[in-house]
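Peer 1: The structure's right below; bear with me while I get my questions together.
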Amino acid sequence: GLGFQNRVIQHAPAEALPRTVLLKILTNAKDSEGNTLRLAPDALTDLLVAKVQAYRKDTSARERARRFAKAVLAIRLYIVAILISYVDLAGDVLVTLTLLQSETSKQSGYVTMGLT
């Protein structure tokens, strides 16, 4: 089925692929600047193989960069969550200390401290 074809197109060595498959891979391929690759239909097979190898290498590099960017974003969000947690904790401690200083709300201060 199509899954097998896609795996062959994506993972088989370019030297082992027939000319029609090489052309199919390069039909919708874009270079690193996003421009569509232009190839003459009568281009030499060696040229097609070289273009497919370069295209795969470029695609792999872009995929690594995308995964790295996602990881950096996740780390940033995690750091923000930790900072918010510490600010909340500091606020709870300040409220507890304020309640403990008052004679009328000392019991509430102990309850707040227990919840924090």
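The values are calculated or read from the model by the stated rules, or taken from the named source; none is laboratory data. Just so we're clear, the structure is a prediction, and the values are computed from it rather than from any experiment. Cβ coordinates were reconstructed from backbone atoms using ideal geometry, including for glycine residues, and neighbour counts include every protein chain displayed. The area values use the complete protein model at the heavy-atom level, side chains included, leaving out ligands, DNA and RNA. Shrake-Rupley method; radii C 1.70, N 1.55, O 1.52, S 1.80 Å.
Peer 1: Please enumerate the residues belonging to the range 79-103 that are among the charged types (D, E, K, R) and either at pLDDT 90 or above or assigned to a helix (DSSP H, G or I) (or both). It would help to see each step written out before you state the result.
Peer 2: Within the range 79-103, the subset among the charged types (D, E, K, R) is 88, 92, 103.
Matches in the range 79-103: Asp88, Asp92.
Peer 1: Moving on. Go through the range 24-56 and count every residue that is surrounded by 10 or more Cβ atoms within 10 Å (Cβ to Cβ), assigned to a helix (DSSP H, G or I) and either under 24 Å from the mean Cα position of the chain (by Cα) or modelled with pLDDT of 85 or more (or both).
Peer 2: 10
Peer 1: Could you list, in sequence order, all residues of the range 92-109 that are over 45 Å from the mean Cα position of the chain (by Cα), loosely packed, with under 12 Cβ neighbours inside 10 Å and not charged (D, E, K, R)?
Peer 2: Passing the criteria: Gln101, Ser102, Thr104, Gln107.
Peer 1: Moving on to the next point. Assuming Val21 fulfils every condition listed in (1) surrounded by 15 or more Cβ atoms within 10 Å (Cβ to Cβ); (2) modelled with pLDDT under 85 apart from one, which condition is it?
Peer 2: Of (1) surrounded by 15 or more Cβ atoms within 10 Å (Cβ to Cβ); (2) modelled with pLDDT under 85, only one is false for Val21: (2).
Peer 1: Taking the range 75-91 on its own, how many of its residues are under 34 Å from the mean Cα position of the chain (by Cα) and open to solvent by less than 60 Å² (accessible area, probe 1.4 Å)?
Peer 2: Restricting attention to the range 75-91, the residues satisfying the condition of being under 34 Å from the mean Cα position of the chain (by Cα) are 75-90.
After this cut, where a residue has to be open to solvent by less than 60 Å² (accessible area, probe 1.4 Å) as well, the list is 81, 90.
Residues meeting the conditions: 2.
Peer 1: I'm told Ala69 meets every condition in (1) open to solvent by less than 70 Å² (accessible area, probe 1.4 Å); (2) within 30 Å of Arg7 (Cα to Cα); (3) at pLDDT below 95 except one. Can you identify the failing condition by its number?
Peer 2: Every listed condition holds for Ala69 apart from (3).
Peer 1: Next question, about the same structure. Does any residue in the range 95-116 that is under 21 Å from Ser85 (Cβ atoms) and in contact (Cβ under 8 Å) with a residue 12 or more places away in the chain come within less than 7 Å, Cβ to Cβ, of a residue that is assigned to a loop (DSSP other than H, G, I, E, B) and open to solvent by less than 80 Å² (accessible area, probe 1.4 Å) six or more places away or on a different chain, and which pairs are these?
Peer 2: Correct list of pairs: Thr96/Thr116.
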